[in-house]
1. Within region 126-166, how many residues are free of Cβ contacts under 8 Å to residues at least 40 places away in the same chain and in contact with a strand residue (DSSP E or B) (Cβ under 8 Å, 6 or more places away or on another chain)?
2. Would you be able to tell me the number of residues in region 71-93 that are part of a helix (DSSP H, G or I) and either basic (K, R) or more than 15 Å from Y200 (Cα to Cα) (or both)?
3. Out of all the residues in region 51-91, which are of a type in the set (S, T, Y) and assigned by TED's automatic domain parsing to the domain that holds G181?
4. Looking at R230 and the list (1) farther than 22 Å from H96 by Cα; (2) crowded, with 24+ Cβ neighbours inside 10 Å, which single condition is not satisfied?
5. Kindly provide the set of residues from region 290-315 that are basic (K, R), surrounded by fewer than 18 Cβ atoms within 10 Å (Cβ to Cβ) and in a helix (DSSP H, G or I), ordered by number.
6. Looking at region 66-93, which of its residues are of a type in the set (D, E) and buried (at least 17 other Cβ atoms within 10 Å of the Cβ)?
7. Return the total of residues in region 278-289 being part of a loop (DSSP other than H, G, I, E, B), within 20 Å of A259 (Cβ to Cβ) and more than 17 Å from the chain's Cα centre (by Cα).
8. Hey, any hits in region 306-316 for a residue that's in contact with a Leu (Cβ under 7 Å, 6 or more places away or on another chain), among the charged types (D, E, K, R) and at pLDDT 95 or above?
Amino acid sequence: MGDELDQILITPTQSDYHERIAKLLTKKAPAGRFKGYDSKESQDVLKIIREVGEEKEGPEFPNSDAAVAGYTQRFDGVKLEPKQFRVPTKDLKRAHSEINKDLMASIRRAIANVRKYQTEIFIGNNKHGGIRYTPIKRIGICVPGAAAPLPSTVIMTAVPALVAGVEPEDIVVVSPPRHRGSIHPVTLAVCYELGITEVYRVGGAQAVAALASDKGTIPKVDKIVGPGNRWVQTAKKMVSGDYVGIDSIMGPSEVLIIANEEANPAWIAADMLSQAEHGSDSSAIVVTHSEAVGRGVLDNLRSQLWGLSRAAEAKRSLTALSAIVVVRSISEAIKLANELACEHLEVQCGDKSREIADKITNAGAIFIGSYTPVAVGDYWAGPSHTLPTEMRAKFSSALTSNDFVKSISIIEYSKEQLAASAEDIIRLAEAEGLDAHAKSVQIRQQD
């Protein structure tokens, strides 16, 4: 076991140090989710989308619902009839009534925190007369449930939508039936608490395809949001733009921790494991200029790993995609962090944490100080935990209430305003050779 974890430590004294850093950057770079659209995995996702969308090119299934049911049985091991896709409202209500009271109290406080934050940042509060913000009509939310049930994802995606003005009846939740052939009861309870009653026990690429299609039992939505594995995110990418909108490519989970000599190695190891337990395609990276801290983290990983209920998943993540990188200076750590542009970025550098965090330009979310683990953001603080991954934080942002509105430009000119601007507008139109444009203004100046 020790030898397997030893390989994740990268230090400047290693002869292949620079090659290993380059390899780490290559590992984390997105590659079309599955190494391009021509890869077998990408083609498998495309086939699912076509089957669910009833594109008749040698279909495996006779119709959309049969495709959704067939792939659900194949990937999740659950046989469903189309009439069983939707979770009955009575099941949502029962889950809500049976939930532990203390847990429900915590859920309600988390909802309040998220609602407050999302309301404060909502762009729709801008009352400029030249633009109108309207909520997107129908939203589909992907809630992971294969590796672990994630009811917190309902809070972190649905509450921003509700703040934006999306009606609860226009929010659709899809999640794989991995809990006794259905969705975990806590997830169902959170849906009911938020007034969401359209919930389907379908996950994976087939759920994304169904949300983007108007062919089957699951009605089409206008935008699909939420985290998920590579299959889900590849499907989102393939349907975006032409069929529906999406938030971004969000998953698998990842964390990068910048640490100096003041950091606590045991705490850093715990934070690495909190990401690694999501599964083998998740990652946890530490960047420090203290080799003593790096080796201390490695020792603590060994001691903490086997106390976890998901130790096997965490071990695969650590050995496949994770690393402890020792650099020569904090400035190098900052440079590497900005290049990796991770989903979660923690800064555990004592009283220098804020100063260092201010130099981070690429991250989904920044967690400042040793008392701000990622779990604070996952469940509680207010910003959504639905964040861009695999270097996409260079151009994408966290999901917010602003992702659930679209803007309409409002233009209204009086006779006098048009007259004052007519000469310039006509001149510009004529410069482009668009005579009719110019005449549409000229004709209004003749009366």
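The values are calculated or read from the model by the stated rules, or taken from the named source; none is laboratory data. Computed from a predicted model, the values in this text were never measured in an experiment. A quick note on method: Cβ atoms are made from the backbone with ideal geometry, for glycine too, and the neighbour counts reach across all protein chains shown.
1. Residues that pass the stated criteria total 3.
2. 5
3. T89
4. (2)
5. Across region 290-315, the qualifying residues are R295, R302.
6. Result: D76, D91.
7. Adding up the residues that qualify gives 1.
8. no
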